[in-house]
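Down below is the structure, laid out as structure tokens.
The values are calculated or read from the model by the stated rules, or taken from the named source; none is laboratory data. These numbers come from a predicted model, not from an experiment. Glycine also receives a Cβ, built like all others from the backbone with ideal geometry; neighbour counts cover every protein chain displayed. To get the accessible areas, we keep the full protein, side chains included, count just its heavy atoms, and leave off ligands, DNA and RNA. Shrake-Rupley method; radii C 1.70, N 1.55, O 1.52, S 1.80 Å.
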Amino acid sequence: MSSRTRTRTSKTSTGVHAIRIPRGRGRRGQPFIVVIPERPTLTRQALGMVGGALWKARTSLAPTALAVLAFVLAAVLHVLAWWSCFLPAAAAVAAVAWLVIAQRRDPATGSDLAWRIGLTVTLGPVAAVWMTAAVAFGPLAGPLELLWLLALIGTQSVWLVVRRMR
């Protein structure tokens, strides 16, 4: 048996299997190693479980995602361009536009219509005023963070109730 056909061993971490692919022929044949972990770490398993649960509940958690996005957007706009605080006032118009579009696509009557109008009249302007103040003064200034949290809890609760009614 010649020395060229002998298997060479290399040190690897405990619990890791390494597959060594032999060097190719010629000057440019560089060796490479493929490392395959034996099992995922506990952190990876926990993140996978949390990510899977969030993915399954993605439509139920839409208001929470939008609220976090609005909070981060308000913080970034406050730092970069505080003078843009006048732009979020268009959100009140967007709420009314949502009501018109929702009524055309799926006409509602009775309590469904009352819910839609209530959401449009209360949450649209509240969100626009909060965003305007948060961009102007910062999302953590004064009672803005408490107002954000209360609006988040209220919106998420109403969202879950309305979705369950359908």
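If you check Gly124, Gly110, which single one turns out to be at positive phi and either in contact with a Pro (Cβ under 8 Å, 6 or more places away or on another chain) or open to solvent by less than 60 Å² (accessible area, probe 1.4 Å) (or both)?
Answer to the check: Gly110.
Does segment 137-144 include one or more residues that are open to solvent by less than 80 Å² (accessible area, probe 1.4 Å), touching a residue at least 40 places away in the same chain (Cβ under 8 Å) and on the phi > 0 side of the Ramachandran plot?
Pass one, segment 137-144, residues open to solvent by less than 80 Å² (accessible area, probe 1.4 Å): 138-139, 141-142, 144.
Narrowing the set further to residues that are touching a residue at least 40 places away in the same chain (Cβ under 8 Å) leaves 138-139.
The next check asks that each one be on the phi > 0 side of the Ramachandran plot; those that pass are 138.
Taking every residue of segment 137-144 in turn, at least one turns out to be open to solvent by less than 80 Å² (accessible area, probe 1.4 Å), touching a residue at least 40 places away in the same chain (Cβ under 8 Å) and on the phi > 0 side of the Ramachandran plot.
For a quick check of your reading of the model, give me the residue pairs whose first member lies in segment 66-82 and is farther than 14 Å from Ala128 by Cα and surrounded by 15 or more Cβ atoms within 10 Å (Cβ to Cβ), whose second is among the small types (Gly, Ala, Ser) and modelled with pLDDT under 95, with beta-carbon atoms closer than 6 Å and at least 6 apart or on different chains.
Here the result reads Leu77/Ser84; His78/Gly138, each pair linking segment 66-82 to a residue that is among the small types (Gly, Ala, Ser) and modelled with pLDDT under 95.
Give segment 83-97 a look and list any residue that's among the hydrophobic types (A, V, I, L, M, F, W, C) and either open to solvent by less than 100 Å² (accessible area, probe 1.4 Å) or modelled with pLDDT under 80 (or both), or say none.
Looking only at segment 83-97, we keep the residues that are among the hydrophobic types (A, V, I, L, M, F, W, C), and these are 83, 85-87, 89-97.
Scanning segment 83-97 gives Cys85, Ala89, Ala90, Ala91, Ala92, Val93, Ala94, Ala95, Val96, Ala97.
Name every residue in segment 110-165 that is over 21 Å from the mean Cα position of the chain (by Cα) and among the basic types (Lys, Arg), in order of residue number.
Once the filter is applied, which keeps residues that are over 21 Å from the mean Cα position of the chain (by Cα) and among the basic types (Lys, Arg), segment 110-165 yields Arg116, Arg164.
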